[in-house]
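Enquirer: Input: one structure, supplied below.
Bear in mind these aren't lab numbers, they're just calculated from the coordinates by the rules spelled out. Quantities reported herein were computed from a predicted structural model and do not represent experimental measurements. Methodologically, a virtual Cβ is constructed for each residue, glycine included, from the backbone with ideal geometry; neighbour enumeration extends over all protein chains shown.
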Amino acid sequence: MPHAAFESTPDGEGLRIAVLVARWYPEVTDRLREAALATLTEAHVKADDVVVIEVPGCFELPQAATWVARAGLADGIVALGCVLRGETPHFDYVAGQCAEGCMRAAQESGIPVAFGVITADTKAQAEARSQTAAGGVSEKGGNKGAEAADAAVRMAASYRRLEAWRR
């Protein structure tokens, strides 16, 4: 008996994607956003089908993801931000609640929320994970914005194919 197979593909044609960007550490998050948008373009997501929403910080990313998902504004959501470890437990609360909240938003809504939030001990580590090279993402540390955008497109495209197959 044949089985249906749904290969993960970066084809975003016809998908609507919301890119949520935390404002803290803009020298990092601006590069995450740029790489995410470039990745969406490469995946054939039209510029008119992308909305970029700035939020105050990473703690607000899950709130925005939940709202966007409940409102039916996007087929996939990319959450971008940076949390650096400091001298207090603030890092643990913000990073943990951000990750848990983004996962909860995805699970409760059925809309994929790709986690492109850098959690690092130092700014140098964060910069290494948000690097871009001329012509694309650098090989050294990569760019978590590009990775998250790719994941959002692949998941949203897979959900769309599964929904069509279900009918």
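Enquirer: Please find the FRET efficiency linking Asp30 to Gln107, where r is the Cβ-Cβ separation and R0 is fixed at 22 Å, and quote it to the nearest 0.05. Intermediate results must be reported in sequence, preceding the final value.
Expert: Details: r = 29 Å, r/R0 = 1.34.
For Asp30 and Gln107, the calculated efficiency is 0.15.
Enquirer: Could you give the Stokes-Einstein D for the chain in µm² per second, using the C-alpha Kirkwood radius, 4 °C, 1.567 mPa s?
Expert: Values: Rh = 16.0 Å.
Using the Kirkwood radius from Cα pairs, D works out to 81 µm²/s.
Enquirer: Taking H as built 1.01 Å from N, whose amide H comes closer than 5 Å to the amide H of Glu54, not counting residues under 5 places away?
Expert: So Glu54 has HN proximity to Val21.
Enquirer: To continue, here is another question. On full extension of the chain, what length is gained from Ala164 through Ala128, given 0.36 nm per residue of separation minus the C-alpha to C-alpha distance?
Expert: Taking 0.36 nm per residue and subtracting the Cα distance, the gain is 9.0 nm.
Enquirer: Calculate the FRET efficiency for Leu73 and Tyr93 from the Cβ-Cβ distance with a Förster distance of 25 Å, rounded to the nearest 0.05.
Expert: 0.35
Enquirer: If you average the sequence gap of Cα pairs under 8 Å that are 6 or more apart and divide by the length of the chain, what percent do you get for the contact order?
Expert: Here the relative contact order equals 31 percent.
Enquirer: How do the peptides 17-25, 115-123 rank, highest first, by the average count of neighbouring beta carbon atoms within 10 Å per residue? Provide the component values of the computation, followed by the final result.
Expert: Working: 17-25: 23.1, 115-123: 19.9.
Final packing ranking: 17-25, 115-123.
Enquirer: From the square roots a ≥ b ≥ c of the eigenvalues of the alpha-carbon gyration tensor of region 17-85, which class results: rounded (a/c under 1.5), prolate (a/b over b/c), or oblate?
Expert: oblate
Enquirer: Can you give the extra length, in nm with one decimal, that the chain gains between Thr9 and Asp121 once fully stretched, where that is 0.36 nm per residue apart less the Cα-Cα distance?
Expert: 37.0 nm
Enquirer: Provide the FRET efficiency to the nearest 0.05 for the Asp48-Glu100 pair, computing r from the beta carbons and using R0 = 30 Å. The partial results should precede the final answer.
Expert: On the way: r = 32 Å, r/R0 = 1.08.
My answer for the efficiency is 0.40.
Enquirer: Nearest 10 degrees, 0 to 90: what angle lies between the long axis of helix 144-166 and the longest principal axis of the chain (Cα atoms)?
Expert: Long axis of 144-166 versus the principal axis of the chain: about 20 degrees.
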